Amino acid sequence: YNRSKAIDYALYHKNPETTQLLVSALNDQEEDIRAVAIQGLDLSDPIIKKMVETKIIAMAQQDSKTKVRASAIFALGNSGNQKNLAVIEKGLKEQSYAVISASLYAIKKLAPSKLDRSIAALDSEAKIYLATLIKKLKNNS
């Protein structure tokens, strides 16, 4: 509970100490804390990118919790770094709709021209389950 409160505080009070707290939280045992900490770190900031991008890429690919993988993929999409596209596209092949959704959002953000092709590559069950999201992403082109 106290760790969660500290992360919440760090999200809204940005300074070097709270940024370090968020970086440390990437290793927390609680998936919710890891997922929220990822969202609190701005990968478009060169200093933060240098500190954590490699870790967040690893989390996007290897974290055992889908919530954390989805959060990491979403953050990579907001990074503005096209080099992360390959990692993001791998998320489309996951079983988790949360990870697939995060991947679609990230692709729309980083490479909107690839969105239609990415949607077309989804299996039919995913397309049905994610129909509302897909419609929203296509309409906000």
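Before moving on, here are some points about what is shown:
- Fully extending the segment from residue 132 to residue 98, taken as 0.36 nm per residue of separation minus the present Cα-Cα distance, adds 10.9 nm.
- As a size descriptor, the averaged projected area of the C-alpha convex hull of segment 40-141 was calculated at 6.1 nm².
- 3J(HN,Hα) along segment 76-84, derived from phi through the Karplus expression 6.51 cos²θ - 1.76 cosθ + 1.60 where θ = phi - 60°, amounts to 5, x, 7, 6, x, 9, 4, 5, 7 Hz, with x in place of Gly and Pro.
- CD proxy at 222 nm, helix term only [per DSSP H run n ≥ 4: -39500 (n - 2.57); per residue of the chain; nearest 500]: -21000 deg cm²/dmol
- Within the shell defined by Cβ-Cβ distances under 10 Å, the residues around residue 115 carry a net charge of +4, with Lys and Arg each +1 and Asp and Glu each -1.
- Rounded tilt (10° steps) of 46-62 against the dominant C-alpha axis of the chain: 60 degrees
- Only protein heavy atoms count here; under a 1.4 Å probe, residue 137 has an accessible surface of about 10 Å².
- Kirkwood Rh, angstrom, segment 1-68 [1 / mean 1/r, Cα pairs]: 11.9 Å
- Each Lys and Arg contributes +1 and each Asp and Glu -1, all at the Cβ; summed about the Cα centre of segment 76-130, the dipole is approximately 220 debye.
- Segment 63-81 and segment 103-141 have Cα centres lying 16 Å from one another.
- The angle separating the long axis of helix 16-25 from the principal Cα axis of greatest extent in the chain is about 60 degrees.
- Rounded FRET efficiency, nearest 0.05, which uses the C-beta distance separating residue 6 from residue 123 and R0 of 35 Å: 0.30
- Accessible-area ranking of 18, 132, 66, largest first, probe 1.4 Å: 132, 66, 18
- For segment 1-67, the set of GluC sites (Glu not before Pro) satisfying both a DSSP loop assignment and a count of at most 15 other C-beta atoms within 10 Å is given as 30.
- C-alpha long axis of helix 97-110 to longest principal axis of the chain, angle in °: 90 degrees
The values are calculated or read from the model by the stated rules, or taken from the named source; none is laboratory data. Being a predicted model, the structure only gives us computed values, none of them experimental. Positions of Cβ are generated from backbone atoms using ideal geometry, with glycine treated the same way; all protein chains shown enter the neighbour counts. For accessibility, only protein heavy atoms count, side chains too; no ligands or nucleic acids. Shrake-Rupley method; radii C 1.70, N 1.55, O 1.52, S 1.80 Å.
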